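Student: After the structure tokens below, expect a handful of questions from me.
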Amino acid sequence: MTKNLIIIVLLVALTGFAPNRDKPGLRLWYEQPAGRWEETLPLGNGRIGMMPDGGIEKETLVLNDITLWSGSVQDADNLDAAKYLPEIRQLLFEGKNDQAQELVYKTFVCKGAGSRNGPKVPYGSFELLGNLHIDYQYPSGNAALTKYCRQLSLDDATANVSFIADGVTYTREYFAAFDHDVLVIRLHASKKGNLNFKVGIDRPQVFETILEGDELLMKGQLDNGVDGKGMKYNARVKVKLSGSGKVAGNDNRIEVSDAGEAFIFISATTDFNDPAFESKCQALLQKASNEKYAATKAAHTKAYHQYFDRMHLRLNPDPAKDAIPTNLRLTDFADNPSDNGLVELYFQYGRYLLISSSRPGFLPPNLQGLWANTINTPWNGDYHLNINVQMNHWPAEITNLAELHQPLIQLTQNMVEPGSRTAKTFYNANGWVAHMMTNIWGFTAPGEHPSWGATNTGGTWLCAHLWEHYDYNRDRQYLQQIYPVLKGSAEFFLDVLVAEPKHGWLVTAPTTSPENAFFMPGTKKAVNICMGSTMDNQLVREIFTNVITASEVLGIDTELRGKLKNAVTKLPPNRIGSDGRLMEWLEEYEEAEPRHRHVSHLYGLHPGNQITLRGTPELAEAARKTLEVRGDGGTGWSRAWKINFWARLGDGNRAYMLLRNLLSPTFDSGMNYTNRGGTYPNLFCAHPPFQIDGNFGGCAGIAEMFLQSHSGVIELLPALPDAMPIGSFDGMRVRGGAEVSVAWAGGKLTSATLKAVTGNTFKVRVPEGVQATFTKGKKETVNPRISEGVAEITLQAGETVTMRIKN
Ligand code: FUC
């Protein structure tokens, strides 16, 4: 019997309940309660969530609702800006970026308090919902505690705590019900009468807790930044016993005594898009508490499995490592990165986190997913548009969670209206624009400081996600729906691009290369404002190209298509500087911070596709040199991005090294922009502080080592690290609309199956110098056309083809 099996058998024997499915590799586990929030385990159903700390005598569970925001809709557009545009552009044309910058700093800023002034301004902040406090009493104090175990099963989206005190086994089980849409906790003592506790709920501010019958109700209204009357919320708590025991409300707490088993239900709602939030909160609680626990849990896991089970990754892990508590395993990995099981776990944790923090019909995961433990969440827990919210969605398509893209797509659609006003006010342009950040209130103006806030390709980068969702799924009706959003973004750039004087290229002006600065030539004066930054050029080329293709697919807008085709030829090309690196700006400026965390000019390498290993080898080489100079460190998300870059450059070992850097253990939770990125004991990514983008970027980066399709050709195992010689996956997705399953051994591909989700012709690279055979369905041998090592395979929806390789 393996150690894991022994643990499970022991767990079953001691606690009377086991995880639903015995996959020890898919759990995070610890031998003590969480000492800090970054050790607590996140649960979420995409809308609401909780993070229990597993405390023995006092337990705190941080509660969240993804819609709970202060602030409100505001007009932050600065009417003055547009009239300065000609002067700003002229200064940029003359190379006087410092003077242009002075003017931009005065004008291309949002009106009002902006985003950096706490949660009481209109921009607002994502806030924690509250804290649930459970005080446990043990018959003879907390004596002789043994066998403490705290875990999160990714397989069931359920957390557990168990321990023995005074010969009594206490178990707790927690989940954020996907189906019933409430938070559920089951508490159990192996000896009847030994379960005694009190439950209360509060938050650091703006709340009132009242006892309503046998329920606790916490309610309040956040600040909207105008008259204080912002978003309203409700949270309700109810306790139900099974068997003997007493429940009584006392002093705004629910007290349970002499019980053996109890269930705590928590429902939460806000009035964001929901005037009936109060009755909904009541109804959700009622429904869940009236049903059998086992049925609620079964419905929860069933709904969760519909997402989670779509894909698997196996890297031939060492099962003995599963018996090491996750915090120690993480530390161990830093010294000895040969734990493929941890890579599997981290990969699936990324998928778990996306499933848990994104729910169609609600909001996309923010900077912290849906988990925050303070009122003023770092950077307001908002949606940063110059890398962060996009990175949150990198795993969505490739790891087979396409529906979870929907909230981001919706958020983007909602930005078109305010973004059109912003386009008119700041640029006197048609179409729509969003700058560097947004919130749930449709903020599209520049941020209050143009050095970071004036980037005007934030909305376009979101459009790349709308497109990607189409590209992976090829649903024409969906394309029709989103076409106006893409078109509006392209129209904005058609209007604002200006011909720069040196080459006559069409460029954005003013703009920045996200958050990076350069020295004015011949000086050490750092300046951010420029024209035609490389990332802008790549994003503009991409939106123009996508609108051209979309209008062709839909057979519309020939005139616009003509204009876009013409404009594309006038965009600045990607250029290589005298030092062999890809140029970040139109001029070969010296960057103020050569190791800056953003590597925006490599957008074209990843997530874009303008720089590819085979298509543009010189640019790929320049990208490689760029990365060498940028270094292998940075904030959490920066390390995660670099995994993806190296995977796209076909260097699996370097990608793996970056993964190791991303997984470097940290406790640091203060704000740090330099080289302190890593991973907390609960495997949350550390910027620091906690920022979830790195989890998602890391997950996507692992996928990119095994499968890529951005160049139009499906590349199998394009960046396989030496550390992973044996493995397989199934259910990963590629552009064009197919699912791919692959197996490999001895570091070499052995078989691959392509299952068409939509009918299409797929191009698949066949490894060189091997004998490949192709079988359609179960046994029909086929001989696809192979040219230059690429097989072309036409499949109807639902059909499969398997390639077997003799190495
Ligand atoms: C951007 C990044 C920072 C941080 C913040 C939330 O400003 O440059 O590193 O991730 O977003």
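Rule-based calculations on the coordinates, nothing more; no lab input. Computed from a prediction, not measured in an experiment: that's the story for all the values here. Ideal geometry is used to build each Cβ from the backbone, glycine not excepted, and the neighbour counts take in all protein chains shown.
Student: In which sequence would Lys191, Lys487, Lys755 go, from the one with the fewest C-beta neighbours within 10 Å to the one with the most? Please report the intermediate quantities before stating the final value.
Tutor: Numbers: Lys191 13, Lys487 22, Lys755 19.
Ranking Lys191, Lys487, Lys755 by Cβ neighbours within 10 Å, fewest first, gives Lys191, Lys755, Lys487.
Student: Evaluate Rg over Rh across the stretch 494-637, taking Cα atoms for both radii and Kirkwood's formula for Rh.
Tutor: That ratio is 1.00, to two decimals.
Student: Taking each pair of distinct Cα atoms in the chain once, what is the resulting Kirkwood hydrodynamic radius in Å?
Tutor: Every distinct Cα pair counted, the radius reaches 27.6 Å.
Student: Asn336 to Leu560: FRET efficiency via 1/(1 + (r/R0)^6), r the Cβ-Cβ distance, R0 56 Å, to the nearest 0.05?
Tutor: It comes out at approximately 0.50.
Student: Also, I was wondering about something else. Calculate the FRET efficiency for Leu328 and Arg36 from the Cβ-Cβ distance with a Förster distance of 22 Å, rounded to the nearest 0.05.
Tutor: On the way: r = 16 Å, r/R0 = 0.75.
Working from the Cβ atoms, E equals 0.85.
Student: Would you kindly give the portion of the calculated P(r) for the stretch 367-507 that falls above 17 Å, as a percent of all Cα pairs? Provide the component values of the computation, followed by the final result.
Tutor: Numbers: 6107 of 9870 pairs.
Looking at the stretch 367-507, the distances longer than 17 Å represent 62 percent of pairs.
Student: Another question, then. Counting only residues 5 or more places away or on other chains, whose amide H sits under 5 Å from the amide H of Gly46 once H atoms are built in the peptide plane?
Tutor: Excluding prolines and chain starts, which carry no amide H, the hits are Ser357, Ser358.
Student: Let me ask something else. Do any GluC sites (Glu not before Pro) in the stretch 548-584 lie in a loop, going by DSSP, with at most 11 other beta-carbon atoms within 10 Å of their beta carbon, and if so which?
Tutor: Answer in residue order: no site qualifies.
Student: From the square roots a ≥ b ≥ c of the eigenvalues of the alpha-carbon gyration tensor of the stretch 364-432, which class results: rounded (a/c under 1.5), prolate (a/b over b/c), or oblate? Write out the running numbers ahead of the final one.
Tutor: Working: a/c = 2.65, a/b = 1.39, b/c = 1.92.
In terms of gyration-tensor shape, oblate.
Student: Further, regarding this structure: Pull out the extension gain between Asp227 and Asn428, defined as 0.36 nm times the separation in residues minus the alpha carbon to alpha carbon distance; nm, one decimal.
Tutor: Numbers: separation 201, 0.36 × 201 = 72.36 nm, distance 3.16 nm.
Between Asp227 and Asn428, full extension yields 69.2 nm more.
Student: Also, quick follow-up: Could you please report the charge total around Arg36, scoring K, R as +1 and D, E as -1 over all other residues with beta-carbon less than 15 angstrom from its beta-carbon?
Tutor: Local charge sum for Arg36: -3.
Student: Would you mind ranking Thr508, Thr455 by Cβ crowding within 10 Å, fewest neighbours first?
Tutor: Fewest to most other Cβ atoms nearby, the residues stand as Thr508, Thr455.
Student: Could you give the nm distance between label points at Arg116 and Glu588, where each point is 7 Å from its Cα heading toward the beta carbon?
Tutor: Label-label distance for Arg116 and Glu588, simple model: 3.4 nm.
Student: Could you line up Glu261, Glu94 from fewest to most neighbouring Cβ atoms inside 10 Å?
Tutor: Numbers: Glu261 19, Glu94 11.
Listing Glu261, Glu94 from fewest to most nearby Cβ atoms yields Glu94, Glu261.
Student: Please report the spacing between the Cα centers of the stretch 579-636 and the stretch 541-564 in Å, no decimals.
Tutor: Result: 28 Å between the Cα centres.
Student: What does a probe at Thr775 reach in the stretch 786-807, counting residues whose amide N is under 12 Å from the point 7 Å along Cα→Cβ?
Tutor: 801-805
Student: From a point 7 Å beyond the Cα of Gln481 in the direction of its Cβ, which residues of the stretch 409-436 have a backbone N at a distance under 19 Å?
Tutor: Only 409-417 pass the distance filter.
Student: Summing +1 for each Lys or Arg and -1 for each Asp or Glu, what net charge is found among the other residues whose Cβ lies under 9 Å from the Cβ of Asn682?
Tutor: Residues close to Asn682 contribute a combined charge of -2.
Student: Could you list, in their original order, any pairs among Lys748/Lys776; Lys642/Lys806; Lys106/Lys563; Lys58/Lys321; Lys240/Lys297; Lys58/Lys238 whose Cα atoms are separated by more than 25 Å?
Tutor: Flagged as over cut-off: Lys642/Lys806; Lys106/Lys563; Lys58/Lys321.
Student: Could you tell me the center-to-center distance, by alpha carbons, between the stretch 369-445 and the stretch 720-782 in angstrom?
Tutor: When both Cα centres are located, 35 Å separates them.
Student: Residue by residue through the stretch 629-643, which ³J(HN,Hα) values in whole Hz follow from phi under the Karplus form 6.51 cos²θ - 1.76 cosθ + 1.60 (θ = phi - 60°), with glycine and proline marked x?
Tutor: 6, 5, x, 9, x, x, 5, x, 5, 5, 5, 5, 4, 5, 4
Student: Excluding residues on the same chain fewer than 8 positions from Lys23, give the aspartates and glutamates whose Cα lies under 16 Å from its Cα.
Tutor: Counting by Cα, and skipping residues close in sequence, Lys23 has these aspartates and glutamates nearby: Asp155, Asp156, Asp309, Asp318, Asp322, Glu344.
Student: Using a Förster distance of 22 angstrom, determine the FRET efficiency expected from the C-beta separation of Arg804 and Ile726, and round it to 0.05.
Tutor: 0.85
Student: How about the stretch 212-248: which trypsin sites (Lys or Arg not before Pro) there lie in a loop by DSSP and see at most 11 other Cβ atoms within 10 Å?
Tutor: Lys229
Student: Determine the shape class of the stretch 696-807: with a ≥ b ≥ c the square roots of the Cα gyration tensor eigenvalues, call it rounded for a/c under 1.5, and otherwise prolate if a/b is greater than b/c, oblate otherwise.
Tutor: Oblate.
Student: Going by Cα centres, the stretch 692-706 and the stretch 136-192 are how many Å apart?
Tutor: 32 Å
Student: Report relative contact order for the stretch 560-635 in percent, whole number only (criteria: Cα-Cα under 8 Å, sequence separation at least 6).
Tutor: Computed over the stretch 560-635, the figure is 33 percent.
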